[in-house]
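Let me begin by presenting the structure, written as structure tokens, before commenting on it.
The values are calculated or read from the model by the stated rules, or taken from the named source; none is laboratory data. Since this is a predicted model, take the numbers as computed values, not measurements. Reconstructed Cβ throughout: ideal geometry from the backbone, glycine too, with neighbour counts over all protein chains shown. Keep in mind that these areas ignore ligands, DNA and RNA; they rest on the heavy atoms of the full protein, side chains included. Shrake-Rupley method; radii C 1.70, N 1.55, O 1.52, S 1.80 Å.
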Amino acid sequence: MEHRYLRYFVAIARTRNFTRAAEELGISQPPLSQQIQRLEREVGTPLLRRLPRGVELTEAGEAFYVDACQILALTDAAMEKVKGIARGINGSLSMGIASSDAFHPKIFALLHQFQQSHPGVSVQQREGNMATLMGALREGELDIAFIRLPCEHSKVFNLRIIDEEPMVIALHRAHPLSGEKALRLDRLRDVPLVLFPESIAPGIYELVYNSCLRAGIDMNRTQQASQLSASLSMVAAGFGFSLVPKSMMCISHPDVTWHPIADSTVTTDIAIAWRRFERSRTVKAFLDEHEKSTR
């Protein structure tokens, strides 16, 4: 059955008039009558009852009208969905967020902005360590990932830096230096460093390790945390001090004080990573949204 037969029939059933339906469809009345006759022959029963003025639906026509409307609605929706995917306004976007990025406001502001302007796109978020996210991105399980640089695994992807974030010192409130605003790292030589596993965020791990090593921190006294966020709980419990991204200062704890690093610039870059030669219009739309937000 040709799709146009359904549109012709629905137009006639809605207007109850061949002439008005023909005008609405933009065709002349004789060809419209011929198409409806072919439709009735194809279904094997009359769908319309011709009256002196207009038409009415037969019982079969009433039932056919309901189904025809649903079919046309589904067809139109499917067409719009496909066109939307082609333009990047529909579809899905799978997004990975490194655990060390989970508190950064720019990431979620960008995500909210994208969903506001592309409500037809379904966004799935996944949090993980850097190596896991890079593997998922490489295998096509993720479309994009928010990561921190430097990151050895990121070299095979396209990268766009969205922010530079300083690292800050987290110190127990009971420490004598907790009342000072900024601290030099070498003033914490008597305090053990609480450090997360290298696999969680290799770039930040190397940055923190080398910065503390240059400051004369005894790396043999390092305390191991299971996660970056867990290092703050260990600081609060009195295990030592930690260096974490500034965005983690949103984690409020009564026993933790925050301090900029004095006389030193210890920063890390946050970047969007995506596959080279990516063809997804949705990914392009997301990148365009970020570019728009920076203007």
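Structural remarks
- Checking the stated criteria, Met134 turns out not to satisfy the condition of being outside the structural domain of Thr222 (by the TED database) and over 24 Å from Glu291 (Cβ atoms).
- Selected residue (only one of Glu127, Glu139, Glu198 is in the same structural domain as Phe103 (by the TED database) and without any contact (Cβ under 8 Å) to a residue 24 or more places away in the chain): Glu139
- Taken over region 172-204, residues that are within 20 Å of Ser226 (Cβ to Cβ), open to solvent by less than 20 Å² (accessible area, probe 1.4 Å) and assigned to a strand (DSSP E or B) amount to 3.
- Applying a threshold of 6 Å to beta carbon distances and a minimum spacing of six or more residues, or different chains, the list of pairs starting in region 182-194 at a residue that is within 15 Å of Arg221 (Cα to Cα) and ending at one that is of a type in the set (S, T, N, Q) and in a strand (DSSP E or B) reads Pro192/Gln223; Val194/Gln223; Val194/Ser242.
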